[in-house]
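One structure is given here, and the rest of the page talks about it.
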Amino acid sequence: MTTIPKTHIVFDFDSTLATTFVGALMFRGYVSEERLDEARSRYQSDTTTLREYQEEVFDQIDESPGRMSERAAEGASVRSLAREVAERIWHKGGKVAVASAGLDVYIRPVLDKVDLQKIEIHSGRIVSSPTELPPFRYDYPSAEKTCEGDWVTCKCAVINSLKEAEGDEVIFVGDGSNSDSCAAANAADTVFATGRLLAYCNENRIPATEFGDDFGPVLSYVVDKMSANGAQ
C-alpha cells in the first residue's frame, strides 16, 4: 500500500496568522515610550537578546496575564481563510502549528476565540498565575535550537519536528526577519511570505509566494497539492 505524503503548515503569529502585531498591542499604551525606546535600543545594539528584551518590556505592564489574554482576544483577529487552510491540512492528517517569538499569553486566546484550539503553539510562555502581577516567570519549551540565532523559538526545529515520513512537506508562512528568514532559508519546503520575509526571499533567490490580506494563495496551493496527491 502506497503511503500518501502529508502536508503540514507552520505559521508565524504576529502580523502573519494574526492580522496585526498582537505583542505590541499588549504593551503600547501600557509601557512608557521612554522605557520602550531604552529597551529597544539595548536589543538593537545587541546588548540584550530578543528574549531579554521581551521580558523587560512585559514585566513593565502593570496587569496580570489573565487580563492581557482578555485584551488580546478583544483586540486581535486572524487572517481571512486561516480556518479553511487549517481544516484542509487536518482533514488529510497533517499538522498545523504556530511558531512564534512571542508569548502564549496573547497567542492562545486569539486562536481560542476563533475555535482554532487544535493549532499547536510553539512560543515563549508566561508560567505565572493568571492573576499574578509582574515580574513574571517565563518558560521556553521550544527554544532548543538547530540554528545559531537566539529568537525565543527555533522555527527551524519546529518545522523539522513536523516531518513524520520521507516525502512529507512543511509549508512555512511568515512576514519577518531573523527567525522567519532562517526558517525559510534552512528548513521549510515551501514558503509563503509578505513584508520583510518576502524581501529577504527575493534578495536571496529563495522561492516564495506572496500573500496579502488573506491566505488565498496558501489555500489554493494546499488544495492543488492534495488534488495532485490523489487526496481530494
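Things worth noting here:
- Area of I159 that stays accessible when all protein chains are in place (1.4 Å probe, Å², to 10): 0 Å²
- Cα gyration tensor category, rounded, prolate or oblate, for the range 86-181 with a/c compared to 1.5: oblate
- Anisotropy class of the range 186-232 from Cα gyration tensor, a/c 1.5 cut: oblate
- Neighbourhood net charge (15 Å Cβ-Cβ; Lys/Arg +1, Asp/Glu -1) for E169: +1
- Spin-label pair T3/Q117, simplified geometry with 7 Å Cα→Cβ offset, distance in nm: 3.1 nm
- Heavy-atom accessible area with a 1.4 Å probe sorts K6, K113, largest first, into K113, K6.
- Helical content alone sets the calculated 222 nm signal of the chain at -12000 deg cm²/dmol, taking -39,500 (n - 2.57) per DSSP H segment of four or more residues and averaging over every residue.
- Surface/4 of the Cα convex hull for the range 1-126, nm²: 9.0 nm²
- Nearest-10 value in Å² for the accessible area of E63, using the 1.4 Å probe: 20 Å²
- Surface accessible to a 1.4 Å probe, I119 within the full protein complex, Å²: 10 Å²
- Overall form of the range 107-153 per C-alpha gyration tensor (a/c, 1.5; a/b vs b/c): oblate
- Ranking by accessible area, most exposed first, for E148, E33 with a 1.4 Å probe: E148, E33
- Mean Kyte hydropathy of 0.0 or more with a Cα span along the axis of at least 20 Å, helices from DSSP in the chain: none
- Proximal charge balance of L219 [Cβ under 15 Å; K/R count +1, D/E count -1]: -1
- Per residue, the accessible area of the chain comes to 48 Å², computed with a 1.4 Å probe over protein heavy atoms only.
- If both residues of a DSSP beta bridge must be in the chain, then about 15% of such bridges are antiparallel.
- Residue ranking by accessible heavy-atom surface, 1.4 Å probe, largest first, among Y30, Y140 comes out as Y30, Y140.
- Extending 7 Å from the Cα toward the beta-carbon at both S32 and Y140 defines two label points whose distance is 2.8 nm.
- Taking packing as the residue-averaged number of other Cβ atoms within 10 angstrom, the listed peptides 101-112, 46-57 run from highest to lowest as 101-112, 46-57.
- Pairs of Cα atoms nearer than 8 Å and 6+ residues apart set the relative contact order; for the chain it is 23 percent.
- Listed by chain and number, the aspartates and glutamates placed with their C-alpha closer than 17 angstrom to that of K92 are E84, E120, E164, E166, D168, E169, D224; residues fewer than eight positions away on the same chain are left out.
- Overall, the accessible surface of the range 124-224 at a probe of 1.4 angstrom is composed of carbon and sulfur to the extent of 44 percent.
- With a simple spin-label model that places each label point 7 Å from the Cα along the Cα-to-Cβ direction, the separation between E52 and N186 comes to 2.1 nm.
The values are calculated or read from the model by the stated rules, or taken from the named source; none is laboratory data. Keep in mind the model is a prediction, meaning the values are calculated, not measured. Glycine also receives a Cβ, built like all others from the backbone with ideal geometry; neighbour counts cover every protein chain displayed. Just so you know, the surface numbers come from the protein's heavy atoms only, side chains and all, with ligands and any DNA or RNA stripped out. Shrake-Rupley method; radii C 1.70, N 1.55, O 1.52, S 1.80 Å.
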